[in-house]
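The values are calculated or read from the model by the stated rules, or taken from the named source; none is laboratory data. Being a predicted model, the structure only gives us computed values, none of them experimental. As a convention, Cβ positions derive from the backbone with ideal geometry for all residues, glycine included, and neighbour counts pool all protein chains shown. In case anyone asks, the SASA skips ligands and DNA or RNA and just uses the protein heavy atoms, side chains included. Shrake-Rupley method; radii C 1.70, N 1.55, O 1.52, S 1.80 Å.
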Amino acid sequence: MTKYKINHRRNLSIYFISALLIWLITLLYGQQSDGVKSQVHTINGKKYIALTEFAKNQSVRTEFYEHNNKMVLRFPSKKTVVSAYCSFVRIEEKNFQLPYPVLYDGSEFFIAAAAFSNLLNIENISDAVMDPTNSIVISTAPKYNLHNIRVNKKSNGSQISIRKSATFKNEELAVSFSRGGWLNLTIPGGKPDSIGVIESHLSDPVVRVRTMNTGVSCQLSFLLRYQIEDYELKQTKDEIQINLRTDISDNAKKIREMRNRWMMNTIVIDAGHGGKDGGCIGVTKLLEKTVTLDIAKRLGKLIEKDMGVKVVYTRDEDVFIPLWKRTKIANEANGKVFISIHANSTPRITNARGYETYLLRPGRTEDAIEVATRENAVISLEENVPDFSGYSDENLILATMAQSSFMKESEYLASVIQEQLTKLVPSKDRGVKQAGFHVLVGASMPNVLVEVGFLSNRQECANLGKASYRRKITQAIFNALVIFKDKYESPIIDSN
Ligand SMILES: [Zn+2]
C-alpha cells in the first residue's frame, strides 16, 4: 500500500512536472511564433544542424568556398564563417569553439546543434531554442527589420523604397540633410540588414548608401547626386518610401526641352495671400488678399479671352494656399509663365507709392529683404510645411539654380511689366527688384512677383479699391504678357 502510495505520488508529480513543461514549451513557442523550425540531425549519436537548410529557412544568404571548404553565412551585419572538419566558428572578428567539429558530406555542413543555437543567442543574431526532444531547433528570423533598398524613377522625381518587416511610427521617422549631399533617414527601432542594404542595386540619384545602428535607432544615409527640391515620406505595409521631387538635374533637362520648344500655352496666376492670411491691411481696411484675387481673376479672364492661352490659378477664391503649394501647382500645370500678384505696405513711410516687380535671385538688396520678409511671414501660418528656414544664401542659390536658367526671361518680363504699368497706371515706377520670395522658389518657369501698389498710402489704397484702377493694372500686365509671348514664342530661341 505504502509503495503504491509513493508510486502514485511520484506519478502525480511526474504528471504535474510534465504539465508544467508543456505549459512552458507552449509559452516559449508562443513567443517564437515567427520562428522557423530546422531539423536536428543525429549523426554518430551527436546532434547537428544542417547549415544550408538552416540558412534557407532563415532567409540568410550563404557563400561556399570550395577551395578551402568554408561556408559563410551572411547574418545581418554579422558574417559567420564555418569550416569543414574544424571545431571553430568565426563570427565577425571573434572565434568560438564548438564541442565537436563541423561535418561536411560534400554538399552540406553539419554543425553542433546546441552550441550553435547558443551562439546565435549570445551573439544576438537570432533567438534560437532546441525543442525538449532535441529533434528540432526553433529560431526567429534574423534580428533585422530593414532589408534592402530600391530606387525607382517617377514622373516627377525618384523614389527610394526601403523594404521592411516591422511597422514604425510615422511621426518618429525623420529626414535630415547633411553636408556633402547626404539625405539621412532616422528610424527609431530600425535594425538594418547592413549587408543587404549596402549591396542593394542603386540608381540615380542615389550614389551611395550607408547604415548606422545605435541599437536603439538606426540611420540610413543616401548620398544624392544632386540637390532635391522637396521630399515626401510614406510608409506602406512592406516599405518606407521617400519620394524625392524633381531634382535640379531633372529640371535642367526640362528646361532644355522647354527651350527647344517653348510655347507660352499655360500661364499660372498666383493671387497673393488668401483665407486666414489677409496680407497687408490698407488704411481703409482694404485687404491685400482681396485686391490680389480681383486682379488675378481679371487678368486670367483677359488672357483666356484675348490671348487664347490656358490659365491656371493657384487660387480663384478666398482660400489659404500654403506658399510651397503654389509653385507645386505651377509646376504640375506645366506652366510657362508664373505671375504672383501682391500689394505693398510700409507703415513707416506713409507716402510711399508705386508699383515694382520682383525677381528671385541670390544677392538681395536691403529693401527687397524687408518686402521678402513680410511676404514670407505667411509661412508661420502654414501647417506641416516643408522647412524653408534653410533657404538662405547658398541654399537659396541652389534652390534657384533651375530658375536662373529663366533669369533672362524673367528679367525681361519684369521690365516689360514695369514699362506697361508706367504707360497705363498713374503712379510711380519703382523699377525691377530682386528678393528671396518663397513663393517663387521652385517654379521652373519664368516667374515674377508684381507689387501693384501701396495699401499703406491713403491715395493708392483708395485707387486700389476702385475696379477701374485695378482694370488698368490688369491691362498693363496683360499687354506685357503679349509682348513677352511675341518675343519668346518663336521656333528659334536664343539660348544665351
Ligand atoms: Zn503680399
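Here are the numbers for the structure shown:
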{"quantity": "Packing-based order for 217-227, 303-313, using average beta carbon neighbours within 10 Å, highest first", "calculated": "217-227, 303-313"}
{"quantity": "Given charges at beta-carbon only (K, R positive; D, E negative), |dipole| of the range 34-139 in Debye", "calculated": "120"}
{"quantity": "Carbon plus sulfur fraction of accessible area for the range 34-139, probe 1.4 Å, in percent", "calculated": "48"}
{"quantity": "Heavy-atom accessible area ranking, 1.4 Å probe, most first, across Lys325, Lys164, Lys169, Lys78", "calculated": "Lys169, Lys325, Lys78, Lys164"}
{"quantity": "Alpha-carbon centroid distance for the pair the range 152-205 / the range 283-338, whole angstrom", "calculated": "37"}
{"quantity": "Computed accessible area, His273, all protein chains, 1.4 angstrom probe, square angstrom", "calculated": "10"}
